[in-house]
1. Go through the range 1-16 and give me each residue that's among the basic types (K, R) and exposed (fewer than 11 other Cβ atoms within 10 Å of the Cβ).
2. I need the full set of residues from the range 169-198 which are assigned to a helix (DSSP H, G or I), within 21 Å of D23 (Cα to Cα) and among the aliphatic types (A, V, I, L, M), in order please.
3. Could you check how many residues of the range 145-175 are out of contact with any helix residue (DSSP H, G or I) (no Cβ under 9 Å at 6 or more places or on another chain) and small (G, A, S)?
4. Mind telling me which of the residues V28, V78 ends up being within 17 Å of G194 (Cα to Cα), outside any loop (DSSP other than H, G, I, E, B) and either among the hydroxyl-bearing types (S, T, Y) or assigned by TED's automatic domain parsing to the domain that holds I98 (or both)?
5. Please find, among L99, L160, L111, the residue that is at pLDDT 75 or above, among the aliphatic types (A, V, I, L, M), closer than 21 Å to D42 by Cβ and touching a Leu at 6+ places or on another chain (Cβ under 7 Å).
6. Within the range 81-90, track down each residue that is part of a helix (DSSP H, G or I) and among the small types (G, A, S).
7. Checking the condition touching a residue at least 24 places away in the same chain (Cβ under 8 Å) and crowded, with 23+ Cβ neighbours inside 10 Å, which residue from G50, G56 passes?
8. Quick check: anything in the range 179-186 at pLDDT below 90, closer than 26 Å to A84 by Cα and surrounded by 19 or more Cβ atoms within 10 Å (Cβ to Cβ)?
Amino acid sequence: MFIQALRGLLEREGVVVVGEALDGREAVRLAGKHRPDVAVLDLTMPLLNGLDATRGIRKVSPDTKVIILTRHTEEQYVVEGLRAGVNGFLLKTKAAAILVKAIKDVSAGALYMSHALSPALLQAYLAREELRTTPLSGREREVLQLVAEGKTMKEIATLLGISVKTIETHRMRLMGKLDIHETAGLVRYAIRQGLIEA
């Protein structure tokens, strides 16, 4: 319903919508296929979160600008997003009212942020403050998100196109790095990191 409402809003304002994705992997695939001017992503999409999807989109369609919709206002998400190549952040509560303006601004080369996000977050990024960053590799973050979403090792292996043994190795490695030794702890960590929503 949310996607259909956004599509209707954008089309009424003359924005051409070339695709819709229900998860981060599909968003990356569609970006590679359609090469859109702007991709609008949710921070906590299933299968691949918005920040990792942004990294994927940058690889398959380098000229595509990315706007992230989020409920989170913490510095770490915005700073990590800016490092990943995000061009705009909108709070979900304000998205409908300002999304068209954000798309136009980002298309013109500007960085766009909801007012609730911009002051401290832009200062943190511009001052290049070192915030808490995850010690995990990109693949380990993907495995963590999928484990936290309740996927089995076999399902994760199929999604990522690698063996179950490799998935088990990634899972053990990320548990060691995080000093977390049970699935419930991994889920709590994924929620705190914004990879999934509670």
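The values are calculated or read from the model by the stated rules, or taken from the named source; none is laboratory data. From a predicted model like this one, the values you see are computed outputs, not experimental measurements. We place every Cβ from the backbone using ideal geometry, glycine too, and count neighbours over all the protein chains shown.
1. Just the residues of the range 1-16 that are among the basic types (K, R), to begin with: 7, 12.
Result: R12, single match.
2. L186, V187, A190, I191
3. Counting residues in the range 145-175 that are out of contact with any helix residue (DSSP H, G or I) (no Cβ under 9 Å at 6 or more places or on another chain) and small (G, A, S) gives 1.
4. Working: V28 fails: within 17 Å of G194 (Cα to Cα).
One residue alone meets the criteria, V78.
5. On the way: L160 fails: touching a Leu at 6+ places or on another chain (Cβ under 7 Å); L111 fails: touching a Leu at 6+ places or on another chain (Cβ under 7 Å).
Exactly one of L99, L160, L111 is at pLDDT 75 or above, among the aliphatic types (A, V, I, L, M), closer than 21 Å to D42 by Cβ and touching a Leu at 6+ places or on another chain (Cβ under 7 Å), namely L99.
6. First, the residues of the range 81-90 that are part of a helix (DSSP H, G or I): 81-84.
G81, A84, listed by residue number.
7. On the way: G56 fails: crowded, with 23+ Cβ neighbours inside 10 Å.
Testing whether each residue is touching a residue at least 24 places away in the same chain (Cβ under 8 Å) and crowded, with 23+ Cβ neighbours inside 10 Å leaves just G50.
8. Among the residues of the range 179-186, at least one is at pLDDT below 90, closer than 26 Å to A84 by Cα and surrounded by 19 or more Cβ atoms within 10 Å (Cβ to Cβ), which makes the answer yes.
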